[in-house]
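Structure first, then comments.
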Amino acid sequence: MAKATTTIHRLQLSEEEQRRRDLEEIETILIENKEALASFLQLLTEVDKRGGLEMASSLFSEGDRVLDVLVKAVDKPEAAAILKNGLLMVGTLGKLNAAELGPLVNTLNGVIKIASKVSQTPSITKGNGKGWMIAAGLAGAALISRKISR
């Protein structure tokens, strides 16, 4: 009568066999992702041409000093205001209705175009240097009156 099996010993691969299996696995991954790897290497080449790899390497090697400069820059009150205003602007842009904003932007572009023509008139630009404001006001009034008369 045979003895009962109480322990199972896993088959131990030799170091050479394990290396061969690992290389096959890597080869399969490389073949499956050939196009993505080619694109990534092309991108990496462009980054290197522009000095991006050297810059990144320098940033990592001087990480503590770079982080210190960043923290000091962000710690200023102006930076906090910039971040706050930027977040508010992004939030506001998300609430804008682009379809209704289009005609307003077109109107403003028309005002700017008319104002630039009017402000180049010598009689308006002489004097106290407020020719641009006068031209913008005149252009705005002219454009609004055109819109109303339609």
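Just so you know, all these numbers are worked out from the coordinates, no wet-lab data involved. Please read these numbers as outputs of a predicted model, since none were measured by experiment. Counting neighbours? That spans all protein chains shown, and the Cβs are built from the backbone with ideal geometry, glycine included.
Here are the numbers for the structure shown:
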read-out	value
Residue-span extension gain [Ala56 to Glu24] - 0.36 nm each, minus C-alpha spacing	8.3 nm
Gain upon complete extension [Lys72, Ser116; 0.36 nm per residue less C-alpha separation]	11.6 nm
Separation in nanometres of the label points that stand 7 Å from Cα toward Cβ, at Met89 and Asp64	3.7 nm
